[in-house]
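Novice: Take this structure first; my questions come after.
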Amino acid sequence: MTTLRVLLAAPPSPHRADAWGLFDAAGNCVRDGVDRPAAWPAADNVEFVLAAAQLRIASVKLPPMPASRVAGAAGFALDDQLAGPAHSHQLAASRQAPDGRVRVVVVARALVEGIARDRGDLARIVAEPELATPIAAWRWCAGESDREGFIRCPNGSAFPVDAPPRAGALPAVLTLALAQARREGAAPAQVRVDAACTDGALEGWQRETGIAFVRGTPWRWQDAGAAAFAEAIDVLPGAPAAESAARERVRGRVFAPALWLAGAALAVHLGGTVFEWASLRLEAWRGEREWASLAATAGIVPDAATGALPARAALAHRYAELRHAHGLPAPDDALPLLARAAPALSALPPGVVRSATYADGHWTLDLARADAGVIAAVDGRMRAASVPVLVATSAAGARLRFGGP
């Protein structure tokens with residue numbers, strides 16, 4: 001089975017030549033070239049590689065959560081880092097790593113939809129920087145000198161930057177990025193230049209920044225290994241992760257005997273816990289009935305079809321309305337809610353809160369870079385005080401939202 005992969009910076013055009021590579025079943029590039037779509041070779045699968053200049057990859061750290069919530073939480077964490085309306089961006093998130101890290105590809109939605117629109121046989125769209133495996137140092141990758149390259153950081157994030165100049169100072173974007181990393185105490189000890197450059201240029205950049213620049217191998221996306229393509233995030237809108245599903249099927253066949261044993265042990269365990277689960281479910285059902293009965297007694301009839309709040313939230317909303325009608329504050333008004341959360345927020349160091357906004361019964365705090373232990377302590381104190389809270393962290397800081405029924 002063969003796969004045709006084409007590097008694109010814009011939707012395919014019959015009048016524009018783009019770089020392509022033809023890969024065999026083992027993931028090796030057997031042919032490559034630069035041609036218009038009519039001259040692309042036939043293949044069993046078609047994948048597009050988005051040029052690094054058209055995107056960036058962010059890395060955010062999230063608390064443990066179900067896989068179904070990772071993409072939404074990652075988007076919330078990046079909300080204040082996106083330029084323009086949120087609907088103009090296409091965000092695609094990786095699986096959550098054991099340490100909580102999630103990679104997020106950020107690209108213009110119009111570009112992705114334009115690329116996918118005319119190709120019914122398209123299997124995947126992946127980002128070019130995803131094919132450069134992260135290392136302990138920053139990787140400065142660039143191919144042709146007339147095409148923009150990119151920086152891949154150890155945490156998996158990436159951003160576009162000009163190709164290395166033959167002589168002279170570093171590109172302004174890279175200079176600013178290194179200065180920002182130095183201010184945050186995260187400057188790399190080394191930058192590996194996977195691009196064409198001279199020894200004199202390497203020495204000059206080291207003198208300019210105080211950071212070691214070492215020579216690597218000029219970047220060619222076609223030379224990325226099969227594992228890099230398989231692990232790359234798919235940004236195709238609404239498309240399933242075909243490669244990931246295939247890997248899971250292979251693992252299932254390899255570990256089938258162990259899975260059978262694990263399944264038998266799980267069945268025994270589940271048999272011993274069914275009664276407990278049923279008891280808890282019955283208790284929850286009774287609680288729901290009691291809330292609904294209490295709401296009906298108060299003359300509140302929640303209706304899901306009309307978008308009304310559930311019984312408990314409807315009661316809280318009605319209670320707040322009655323308090324307001326008598327000139328009294330409700331529990332989730334701005335000041336009472338802040339007062340309930342104040343003991344937990346006292347764990348934050350002075351000056352760490354950059355902004356605080358209140359809307360719709362919730363406070364949202366944007367925090368500067370803070371110690372993970374401090375954030376965890378605030379999260380625990382909030383929960384102990386029965387204040388609902390959601391925390392999302394990123395390299396730039398953290399966002400904390402609390403309140404609501």
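The values are calculated or read from the model by the stated rules, or taken from the named source; none is laboratory data. No experiment lies behind these values; they were computed from the predicted model shown. Cβ atoms come from the backbone with ideal geometry, glycine included; neighbour counts cover every protein chain shown.
Novice: Out of everything in the stretch 116-131 that is not in a strand (DSSP E or B) and not basic (Lys, Arg), what residue ends up being nearest to residue 223 (Cα to Cα)?
Specialist: 131
Novice: Still on this structure, please answer the following. Kindly provide the set of residues from the stretch 195-216 that are assigned to a helix (DSSP H, G or I) and in contact with a strand residue (DSSP E or B) (Cβ under 7 Å, 6 or more places away or on another chain), ordered by number. Break it down stepwise before answering.
Specialist: First, the residues of the stretch 195-216 that are assigned to a helix (DSSP H, G or I): 199-209.
Within the stretch 195-216, 202, 205, 206 qualify.
Novice: While we're here: Within the stretch 166-181, is even one residue closer than 26 Å to residue 396 by Cβ and part of a strand (DSSP E or B)? Before you say what the answer is, go through the steps one by one.
Specialist: Filtering the stretch 166-181 down to residues closer than 26 Å to residue 396 by Cβ leaves 170-181.
Next, only the ones that are part of a strand (DSSP E or B) stay: none.
Scanning the stretch 166-181 turns up no residue that is closer than 26 Å to residue 396 by Cβ and part of a strand (DSSP E or B).
Novice: Let me confirm something: among 53, 26, 108, 38, which residue is surrounded by fewer than 19 Cβ atoms within 10 Å (Cβ to Cβ), small (Gly, Ala, Ser) and without any contact (Cβ under 8 Å) to a residue 40 or more places away in the chain?
Specialist: 38 is the lone residue from the list that is surrounded by fewer than 19 Cβ atoms within 10 Å (Cβ to Cβ), small (Gly, Ala, Ser) and without any contact (Cβ under 8 Å) to a residue 40 or more places away in the chain.
Novice: Kindly establish whether residue 166 is outside the structural domain of residue 101 (by TED's automatic domain parsing) and out of contact with any Pro (no Cβ under 9 Å at 6 or more places or on another chain).
Specialist: So residue 166 passes the test.
Novice: Which condition number in (1) buried (at least 18 other Cβ atoms within 10 Å of the Cβ); (2) within 14 Å of the chain's Cα centre (by Cα) is the one that residue 47 fails?
Specialist: (2)
Novice: Right, another one. Would you confirm whether any residue within the stretch 140-150 is charged (D, E, K, R), assigned to a loop (DSSP other than H, G, I, E, B) and modelled with pLDDT of 90 or more?
Specialist: Within the stretch 140-150 (the criterion being charged (D, E, K, R), assigned to a loop (DSSP other than H, G, I, E, B) and modelled with pLDDT of 90 or more), the answer is no, since none of the residues qualifies.
Novice: If residue 192 passes every condition in (1) in a strand (DSSP E or B); (2) at positive phi but one, which one does it miss?
Specialist: Exception for residue 192: condition (2).
Novice: Being surrounded by 13 or more Cβ atoms within 10 Å (Cβ to Cβ) and over 26 Å from residue 186 (Cβ atoms) is the filter here, so list the residues in the stretch 337-361 that pass it.
Specialist: 337, 338, 340, 341, 343, 344, 345, 356, 358, 361
Novice: Just to check your reading of the model, which residue among 252, 272, 263, 238 is assigned to a loop (DSSP other than H, G, I, E, B), at pLDDT below 90 and loosely packed, with under 11 Cβ neighbours inside 10 Å? Working first, answer last.
Specialist: Values: 252 fails: assigned to a loop (DSSP other than H, G, I, E, B); 272 fails: assigned to a loop (DSSP other than H, G, I, E, B); 263 fails: assigned to a loop (DSSP other than H, G, I, E, B).
Only one candidate qualifies: 238.
Novice: Six or more apart or on different chains, Cβ under 6 Å: which pairs go from a residue in the stretch 337-361 that's under 13 Å from residue 401 (Cβ atoms) to one that's of a type in the set (Phe, Trp, Tyr) and at pLDDT 85 or above? Could you list them?
Specialist: 341/402
Novice: Can I ask one more? Only residues in the stretch 197-224 that are among the hydroxyl-bearing types (Ser, Thr, Tyr) count as the first member; pair them with residues that are surrounded by 13 or more Cβ atoms within 10 Å (Cβ to Cβ), Cβ under 6 angstrom, at least 6 apart or cross-chain, and list the lot.
Specialist: 209/178; 217/194
Novice: Additional query: Mind checking whether some residue in the stretch 362-383 is closer than 30 Å to residue 181 by Cα, surrounded by 14 or more Cβ atoms within 10 Å (Cβ to Cβ), of a type in the set (Ser, Thr, Tyr) and touching a helix residue (DSSP H, G or I) at 6+ places or on another chain (Cβ under 6 Å)?
Specialist: no
Novice: Looking only at the stretch 57-88, which residues are in contact with a strand residue (DSSP E or B) (Cβ under 8 Å, 6 or more places away or on another chain), under 13 Å from residue 107 (Cβ atoms) and surrounded by fewer than 18 Cβ atoms within 10 Å (Cβ to Cβ)?
Specialist: 82, 88
Novice: Further, regarding this structure: Among residues belonging to the stretch 371-405 that are in a loop (DSSP other than H, G, I, E, B) and out of contact with any Leu (no Cβ under 8 Å at 6 or more places or on another chain), point out the one that is farthest from residue 334 (Cα to Cα).
Specialist: 395
Novice: Could you check, for the stretch 367-384, whether at least one of its residues is touching a Phe, Trp or Tyr at 6+ places or on another chain (Cβ under 9 Å) and of a type in the set (Val, Ile, Thr)?
Specialist: Checked against the condition, which is being touching a Phe, Trp or Tyr at 6+ places or on another chain (Cβ under 9 Å) and of a type in the set (Val, Ile, Thr), the stretch 367-384 yields no hits at all.
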